[in-house]
Amino acid sequence: MAQEVLLKDGRMVRLRPATQLDAAALICAVDSVAREITYFLRSRFDRTVEEERVLIARARKDGNLIVVALLDEHLVGWATLRRGRREFLGHTLGL
């Protein structure tokens with residue numbers, strides 16, 4: 001279920017659900033943002049590829065969604081959408 005989005009500068013970004021094959025690229029992207037120190041509470045992201053693969057698989061199993069953004073087939077962004085945990089919120093998603 002990939003979706004292409006046209007950026008303001010004319011480039012196309014492809015959005016799609018993350019797969020276990022994205023684990024290494026996700027780690028690099030998250031670590032890059034973590035090292036900026038502005039957005040994360042820690043300055044490094046040192047998860048292993050296997051740990052990330054497990055989390056990607058678990059997200060799907062739990063009804064959550066990790067979306068990756070690809071520009072020229074390079075991962076340039078991601079979003080994790082988590083399903084509401086309480087029964088009356090099960091139809092909602094939060095970041």
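Data overview
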| quantity | calculated |
| --- | --- |
| Point-to-point label distance, Thr38-Arg16, nm (Cα→Cβ direction, 7 Å offset) | 3.0 nm |
| Spin-label model distance (nm) - Leu7 vs Ala57, 7 Å beyond Cα toward Cβ | 3.3 nm |
| Rounded, prolate or oblate (a/c below 1.5 giving rounded, otherwise prolate when a/b exceeds b/c) for region 13-77 by Cα gyration tensor | oblate |
| Stretch gain in nm, segment Ala79-Val49, where the contour uses 0.36 nm per residue and the Cα spacing is subtracted | 9.0 nm |
| 3J(HN,Hα) from dihedral phi, region 54-62, Karplus parametrisation 6.51/-1.76/1.60, rounded to Hz, x for glycine, proline | 4, 5, 5, 5, 5, 4, 4, 4, 7 |
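Read-outs throughout are calculated quantities, based only on the coordinates presented, and are distinct from any laboratory measurement. From a predicted model like this one, the values you see are computed outputs, not experimental measurements. Every residue, glycine among them, receives a Cβ derived from its backbone with ideal geometry; neighbour counts consider all protein chains shown.
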